[in-house]
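Heads up, the thing below is written out as structure tokens.
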Amino acid sequence: MIAGLVTIPALASRVHRAPTSGHSKHHTAPSSHKMHGQQTIDSDRVTAIQQALIREHYLSGAPSAKWDADTQAAMLKFQGDQGWQTKITPDSRALIKLGLGPDHSGAINASSSTNFNTLSSPASLPSTSTQGFVAASGVSH
């Protein structure tokens, strides 16, 4: 009798091959790439930043209204001294610290005399509202 041959499949192994020449993973940017965000700083804003940096002794001389190497170096030094990042200039925190942040003087809560923690007296409300106010607040006359 002839014994049947038993075949044992060989252990499969994967071989990593480099991509063929037509399958490169490198992509080039399209030639019509549009830059996003602010690309330049307005000369009036540069002047204000320079004046603030001069006031804080990070820049010397008179404002030039040009975002030049000296101004950039002064802003980076100011940001670094505050412990902030020094890759993007100007940093919004630096502008706020220099007093150049957004103007909130017209905001509803800008006045220091406004206190939102106090309620109006029931006497200043119309009489029809006073009764409901008194009942809801638990204040009695």
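For (1) out of contact with any helix residue (DSSP H, G or I) (no Cβ under 8 Å at 6 or more places or on another chain); (2) outside any helix (DSSP H, G or I), each residue gets a yes or a no:
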| residue | (1), (2) |
| --- | --- |
| V46 | no, no |
| A52 | yes, no |
| A74 | no, no |
| K77 | yes, no |
| W84 | no, yes |
| I88 | yes, yes |
Q. Can we say P30 is over 24 Å from the mean Cα position of the chain (by Cα), modelled with pLDDT under 60 and loosely packed, with under 10 Cβ neighbours inside 10 Å?
A. yes
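The values are calculated or read from the model by the stated rules, or taken from the named source; none is laboratory data. Being a predicted model, the structure only gives us computed values, none of them experimental. Note: ideal-geometry Cβ built from the backbone for every residue, glycine included; neighbour counts use all protein chains shown.
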